[in-house]
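Read the structure below first, then the notes.
The values are calculated or read from the model by the stated rules, or taken from the named source; none is laboratory data. Only a predicted model underlies this, so the values are computations on that prediction, with no experimental measurement involved. Note: ideal-geometry Cβ built from the backbone for every residue, glycine included; neighbour counts use all protein chains shown. Surface areas here come from the heavy atoms of the whole protein model, side chains and all, with no ligands, DNA or RNA. Shrake-Rupley method; radii C 1.70, N 1.55, O 1.52, S 1.80 Å.
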Amino acid sequence: MLVSATAGYLRNKLGFVWRLRSLRAKTAVLAVIFAAVPLFLYAEFRKAYQDSQGLLLQSVRDQGRVISQSLLPLLDNADSASLPGLGQQLERFAGQLTTIKLLLAPAGADSDGFYYIASWPTVVSSNLEAERQILARQGVLDRLAQSCRGEMPFSLIYDRPTGGAEIVTAVTPLSTAAGCWAVVASFSADAFPAAHLGQPYWATPTVQIAAAIYLAMVIITFSTLFGIGGGLRRFARQARQIREQRRRTSSFAARNEIPELAEVAAEFDRMVDALHRSAAAIRRAAEDNAHAFKTPIAVIRQSLEPLRRALPPENQRVRRAIDSIDRSLDRLDGLVASARRLDEATADLVAEPRRSIDLPRLLGKLIDSRSALLPGRDIRLQGELSPGIFVLGSEAMIETVLENLIDNAASYAPAGSAILVRLRQERDTAHVEVIDTGPGVPPAQLDQIFDRYFSARRGGKENDAAPGSFGIGLSIARRNVEAMHGTIEAENRAPQGLTIHIRLPMAPRFT
């Protein structure tokens, strides 16, 4: 009890920290991490990707610049007769990956247009024309025609008509007597397949494979967490059904879908079976104990009869002793019966199934059956029962509650009075009242009368026909009511009498 109270206190004081330990909170934190990490990594890796591409393009541009400067003496001496052979001359300057193209805007020409003169390796004319149009649209050729100065490093990617992509990395102008030369350095995108030049970073195979792996990891992680959470919720529903004592339609093992929880489910099933075996053992022990005690009590009672008949009338002292023994046997017999009822009520808490109970019908039958036992006490039992009220519980447990309350009321109700059992609905609660006109209970003891072995009205005058009070009946009533998630309380009436209030939650009509 102390440990439970301490744990509850710590949960209240450290509620936030306690909630963070829950699977739901950890799943939420993990979701935030899974969402933040890709954004951070994507930004960092994208920057590294751009830097590596920049270095690669810079290297190619530098190579193109060196080639252009190396071509300057060749182009200075070039004339119209040597132009057809320039392509072969370019072979000495072009690298394994770089393509060199020469464009010329002739000096003194009416048009400012550039014409392809030579290339190495040889390029299909359709590809050359596509590249020239790209350069023209970018305004590169116009700027060169105006000044023929200034290197233009850039990364211009275009699709070749014959297939594949070409990346222009530098256009270097050279002014000679023949006109304005433009040395175009480019390379095929296929030359660096691992660089994925010209593709957005997110479209690169590396990123897509990493994203697929990451997505698979997220799906596996959250499906595992949700699977565990779902398994625990199924366990909770099963445990709730057991706690509410509904009839079991399945086991923990049958509800489990996670192999790692199979052993836990099996242990829960064994625990439930052990509880039901314990309930059966309690019932058997209650019957055996009652039989074991009642046999010697009956023997003693039978043995007193010959003594009572053999006593001379004038021996009053011994006769009073026999009467005292007889009264003690009556009390002992009542104690044995009460102990048996207590054990059986304990077993009912464990094993009695819960179902939807038509409370007005059950109370009506109970009032009819108990009314037959009260005429000898000159007490009437009346009922005011609203129809259509259903609660989730056990008929046996509800009957035990009402029988104990009616017997308790009859023990103190004056002759010629009535005991009223009233039932009405209050929103989603069934409200049962057992009303008597007896002496009532001292106000300070209204809460204590439901404690075991406590009887606040022992000082009052009980009906002679009623058995002695052992403080068990009301205790059993409270335990049964609370087992059905209800409440029970006592209230004194004016000018005299006692009302016992029972409130039980209404049952869904489909249960």
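Give me a count of the residues in the stretch 319-343 that are open to solvent by 60 Å² or more (accessible area, probe 1.4 Å) and hydrophobic (A, V, I, L, M, F, W, C).
3
For the stretch 36-86, what are the residues that are more than 19 Å from Ser175 (Cα to Cα) and among the small types (Gly, Ala, Ser)? Lay out the reasoning, then the answer.
Of the residues in the stretch 36-86, the ones more than 19 Å from Ser175 (Cα to Cα) are 36-63, 84-85.
Answer for the stretch 36-86, where residues must be more than 19 Å from Ser175 (Cα to Cα) and among the small types (Gly, Ala, Ser): Ala36, Ala43, Ala48, Ser52, Gly54, Ser59, Gly85.
Rundown of residues vs (1) in a helix (DSSP H, G or I); (2) modelled with pLDDT under 75, yes/no style:
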| residue | (1), (2) |
| --- | --- |
| Lys26 | yes, no |
| Phe34 | yes, no |
| Leu39 | yes, no |
| Asp51 | yes, no |
| Leu57 | yes, yes |
| Asp79 | no, yes |
| Tyr116 | no, no |
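Just to be sure, is Ala254 open to solvent by less than 60 Å² (accessible area, probe 1.4 Å) and either in a helix (DSSP H, G or I) or in contact with a Phe, Trp or Tyr (Cβ under 6 Å, 6 or more places away or on another chain) (or both)?
Working: open to solvent by less than 60 Å² (accessible area, probe 1.4 Å): no; either in a helix (DSSP H, G or I) or in contact with a Phe, Trp or Tyr (Cβ under 6 Å, 6 or more places away or on another chain) (or both): yes.
Here the answer is no, as Ala254 does not meet what is asked.
Out of (1) assigned to a loop (DSSP other than H, G, I, E, B); (2) modelled with pLDDT under 75, the odd one out for Arg143 is which?
The failed condition is (1).
Give me the pairs: first residue in the stretch 170-196 and at positive phi, second residue surrounded by fewer than 24 Cβ atoms within 10 Å (Cβ to Cβ) and modelled with pLDDT of 80 or more, beta-carbon distance under 6 Å, and six or more apart or on different chains, which are they?
Gly179/Leu104; Gly179/Ala105; Gly179/Pro106
Can you list residue pairs whose Cβ atoms sit under 8 Å apart, with the first residue in the stretch 70-92 being farther than 12 Å from Val183 by Cβ and the second being open to solvent by 40 Å² or more (accessible area, probe 1.4 Å) and assigned to a loop (DSSP other than H, G, I, E, B)? Count only pairs 6 or more apart in sequence or on different chains.
Close Cβ pairs satisfying both conditions: Asp76/Ala177; Gly87/Thr122.
Just wondering, is there one or more residues in the stretch 209-224 that are surrounded by 11 or more Cβ atoms within 10 Å (Cβ to Cβ), assigned to a helix (DSSP H, G or I) and modelled with pLDDT under 80?
no
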